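Take a look at the structure set out below.
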Amino acid sequence: MQKFWRSFMLLGLILTLSGVLLAGCTEKAPTQPTTATIPEGELDPAVWGKVYPDHYASYLKQKEQTKGNSKYGGSLPESHLKESPAQVKLFAGYPFSEDYNEERGHIWALEDVTGTLRIGPKTISSCWNCKSPNVKPLVDKMGDSFWSTPFAQLKDQIKHPIACANCHDPKTMALAITSVPLLDALKTRGIDPAKFSRQEMRTMVCAQCHVEYYFKPDNKKVTFPWNYGLKMEDAEKLYEEISFKDWDHKESQAPMLKAQHPDYELFSTGVHAANGVACADCHMPYVKQGQAKISSHHLQSPLNHISQSCQTCHKQSEEYLKNQVIGTQDAVYNTKVRLETALSEAIDAIATAAKNPAAKADMMNQARSLHRKAQWRWDFISAENSMGWHSPKEALRILGEGIDLARQAQLKANLGVGATVGGTPGPDAGKTPGAGTAAEAAGPETTPKQ
């Protein structure tokens, strides 16, 4: 009997402890309200912030303007043209030669786009895309006429910068693709966005905007050049196929391409993407905000929060990881500068040769085509926002190709007028072969200068 009571009391103790443990496991942390909802069609992030105050407080930190730990980035509106004067020549004849600043972040999107000198009387509403959650409702209402509508005409209806409604379903808070151009691009590639995992969506909501795009010639609709894939050559193949150009270079007269910000495309070729890492893992890491653990909405360089972004996977010291990133970026930057130099000299060679009456049209056309290809490669990496870190091997490959193509452009231009690689006309440039000595008739020396 005594044995029975001991067993009975032991069972009661086990049940009591189990109840305590169960209660501890199921208790909800006092994070965000669970009963409040976002009003139908509400786009103002401040209203969303009343329901999710910790996330909103994190979002507002984007107002800070700082270089942080990033050597090649930050949220200061620094001029790319002052940092690299060669770009004035590279963009000659295009608005980017007059105004080209570092972006300040999502919360500044409207002020930055309306304040840039690149916006003028002829600017169309395609330039509102990716600047505001107001775009999607306007596209739903106006259809494809939205894109070609004058930019200034819709200014009063574009009220909020990039915010919650760009990436979240207001009812479930699930990540959602709201970008019409991205949905179109996925359809073109035969991809069903409904099949993306949550981890994949933590990248795809970023791919709504951090991508290369062009305006369709017929209706000016923002379009991603993904018909053949995501690599630099895939976009170039499409642009060649449809004879697309952004402008004619003022000095070389080459039909040029302007890269936008192909972050997603370059990232897709890198080791992090191959291992299932999402954009948000590094740029929106989990942090303690108030009483909650949330995904940070203060989007910035991972170098500003290495412990949350990098050390969850990499166990080396913060200093080591920071040096690894910046060292890699230095290598990409130095190669990019070498390509800028090669492009500048190619432009000079083409412009000089074009003034020569003896210039051979076929050679000049080849030189201009090579200039277009070389500068496309430079801009693909230069306009991308990681200074190559998203995929270092691919970035260096593309820049290396660009240097080769730029030097070929320079060579073609010089040969087109019978000159050496350095651009100095040969002794018989413009003369009729056969006049003079046999050596003269053989043509000018074409060995590159050392």
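Every number here is computed from the coordinates shown, using simple stated rules; none is lab data. Since we're looking at a predicted model, the values are computed, not measured. Heads up, the Cβs are rebuilt from the backbone with ideal geometry, glycines too, and the neighbour counts pull from every protein chain shown.
Cα centroids of region 113-131 and region 221-257: how far apart, whole angstrom? Spelled out, the Cα-based centre of one part sits 20 Å from the other. Taking every alpha-carbon pair within region 233-362, the share separated by more than 19 Å comes to 69 percent.
Any chance you could list the semi-axes, whole Å, largest first, of the equivalent ellipsoid that the Cα gyration tensor gives for region 140-285, using √(5λ)? Please report the intermediate quantities before stating the final value.
On the way: eigenvalues 145, 98, 40 Å².
For region 140-285, the semi-axes come out at 27, 22, 14 Å.
When Lys and Arg each count +1 and Asp and Glu each count -1, what net charge do the other residues less than 10 Å away from Asp54, Cβ to Cβ, add up to? Write down the numbers at each step before the final one.
Working: positive: Lys288, Lys293; negative: none.
Taking every Cβ under 10 Å from that of Asp54, the sum is +2.
Residue separation of Thr149 and Leu183 scaled by 0.36 nm, minus their Cα-Cα distance, works out to 10.1 nm of gained length.
Other residues lying with their Cβ under 15 Å from the Cβ of Ile177 contribute a combined charge of +1, Lys and Arg counting +1, Asp and Glu -1.
Taking each of Lys67/Lys393; Lys67/Lys288; Lys220/Lys412 in turn, the alpha-carbon distance tops 32 angstrom for Lys220/Lys412.
Against the chain, whose longest principal axis comes from its Cα atoms, helix 318-354 is set at around 30 degrees. Only helices enter this figure: runs of n ≥ 4 DSSP H residues, each worth -39500 (n - 2.57), summed and divided by the residues of the chain, yield -13500 deg cm²/dmol at 222 nm to the nearest 500.
As an exercise, use a Förster radius of 30 Å and the Cβ-Cβ distance of Cys313 and Val337 to find the FRET efficiency, rounded to the nearest 0.05. Approximately 0.45, to the nearest 0.05.
Using C-alpha positions alone, give me the convex hull volume of the chain per residue in cubic angstrom. Intermediate values should be presented prior to the final figure.
Values: hull volume 86.9 nm³, N = 450.
In the chain, the Cα hull volume divided by residue count equals 193 Å³.
Peptide packing: for 273-281, 310-318, the average count of neighbouring Cβ atoms within 10 Å per residue gives the ranking 273-281, 310-318, highest mean first. A straight Cα-to-Cα reach below 18 Å connects Lys136 with the aspartates and glutamates Glu40, Glu42, Asp44, Asp144, Asp156, Asp169, Asp184, residues fewer than 8 places away in its own chain not being considered. Between Asn219 and Asp234, the distance separating the two model label sites (each 7 Å from Cα on the Cα→Cβ line) works out to 2.4 nm.
With the convex hull drawn over the C-alpha atoms of region 72-120, the volume per residue is 70 Å³. Relative to the dominant Cα principal axis of the chain, helix 2-26 is inclined by about 40°.
When all alpha carbon pairs of region 47-165 are counted in 10 Å bins from zero, the resulting P(r) reads 12, 34, 34, 18, 2 %. Scaling the Cα radius of gyration of region 294-371 by the globular reference 2.2 N^0.38 Å produces a ratio of 1.96. Residues whose amide H comes within less than 5 Å of that of Asn101, counting only those at least five positions distant or on another chain, are His80 (H built at 1.01 Å from N in the peptide plane). For Asn227 and Val271, what is the calculated FRET efficiency with R₀ set at 22 Å and r taken between the beta-carbons, to the nearest 0.05? Step by step, r from the Cβ atoms, then E = 0.25. If the label point is 7 Å along Cα→Cβ of Thr66, which residues in region 292-335 have backbone nitrogen under 15 Å from it? In region 292-335, the label zone of Thr66 (backbone N under 15 Å from the point 7 Å along Cα→Cβ) covers 297-308. Note on region 318-363: Rg/Rh from C-alpha atoms, Kirkwood Rh, equals 1.42. Normalising the average separation of contacting C-alpha pairs (under 8 angstrom, six or more residues apart) by the number of residues puts the relative contact order of region 45-416 at 17 percent.
Do the alpha carbons of any pairs in Lys89/Lys159; Lys50/Lys71; Lys155/Lys216 sit beyond 31 Å of each other, and which pairs? Present the calculation step by step, with values, prior to reporting the outcome.
Details: Lys89/Lys159 36 Å; Lys50/Lys71 36 Å; Lys155/Lys216 22 Å.
Check vs 31 Å cut-off fails for Lys89/Lys159; Lys50/Lys71.
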